[in-house]
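Following: one structure in C-alpha cells, then a few remarks.
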Amino acid sequence: MKINLNDPNPPVKFHFEEDNPDVGFVLLRRMNASEAQRIRKLCSQKQAPVFHRGQMYDPPEKVDDERQATLHWDYVIAGWEGLQDGNGDDIPCTTEMKRKLILESPQFLGFITEKIEKLELLNKDYRDESLKN
C-alpha cells in the first residue's frame, strides 16, 4: 500500500451530475482521527469539579455542539465548483455557507450524505483489495 505522506487524506471529487461533469462538483474527504481530535479539543471545555457530600466528582466536559458540527462539515467538505443559487449565481465555498446549506437545504444534505456513504464504500473496497494482495 502506498500513502502520500504530504497529503494522506486527499479529497475525492463527486460530480453533481455524473453524466455531465461540466455542471460542477464537490470535494469530500473522510474525517480522520487527528482532525476529529483537534475539533474535539477546540469544542470541549473542562468543568470545575463538583463536591457532593464530601466527595469530589468530575463532571463531563462541556461541548459546543454547534461549533463542533461546523468544524466537522468544514473539514469534510473540502470545496466545490458549479454550485449555484436559484438565480444561477455561484455559491461561494465558505465555512458559513457549508453550515447554512447543511442545516437548511435537505437537497444539499442528501447529496453530501449519499456521497459520503459512497466514499466509505470506496474505502472499504480499497481495504478489501489491499488485504487480498
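Okay, residues lined up against (1) outside any strand (DSSP E or B); (2) among the β-branched types (Val, Ile, Thr); (3) surrounded by 13 or more Cβ atoms within 10 Å (Cβ to Cβ):
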| position | (1), (2), (3) |
| --- | --- |
| 27 | no, no, yes |
| 35 | yes, no, yes |
| 39 | yes, yes, yes |
| 47 | yes, no, no |
| 74 | yes, no, yes |
| 93 | yes, no, yes |
| 107 | yes, no, no |
| 119 | yes, no, yes |
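Pairs only if they're at least six apart or on different chains, beta carbon under 8 angstrom, first in the stretch 95-117 and within 16 Å of residue 72 (Cβ to Cβ), second aromatic (Phe, Trp, Tyr) and surrounded by 12 or more Cβ atoms within 10 Å (Cβ to Cβ); list them, first residue then second.
Listed by first residue and then by second, the contacts come to 98/73; 99/73; 101/108; 102/73; 102/108; 115/14.
With 26, 63 as the choices, which residue is in contact with a Ser or Thr (Cβ under 9 Å, 6 or more places away or on another chain) and either under 23 Å from residue 7 (Cβ atoms) or without any contact (Cβ under 8 Å) to a residue 24 or more places away in the chain (or both)?
After ruling out the rest, the residue left standing is 63.
Out of the residues in the stretch 71-106 meeting the condition of being more than 14 Å from residue 24 (Cβ to Cβ) and polar (S, T, N, Q), tell me which one is farthest from the chain's Cα centre (by Cα).
Taking the candidates together, the pick is 87.
Of all the residues that make up the stretch 56-72, how many are assigned to a helix (DSSP H, G or I) and of a type in the set (Asp, Glu)?
2
Here, each number is a calculation from the coordinates, and none is a lab measurement. Just so it is clear, the model here is predicted, and its values are computed rather than measured. Quick reminder, even Gly has a Cβ in these numbers, built from the backbone with ideal geometry, and neighbours come from all protein chains shown.
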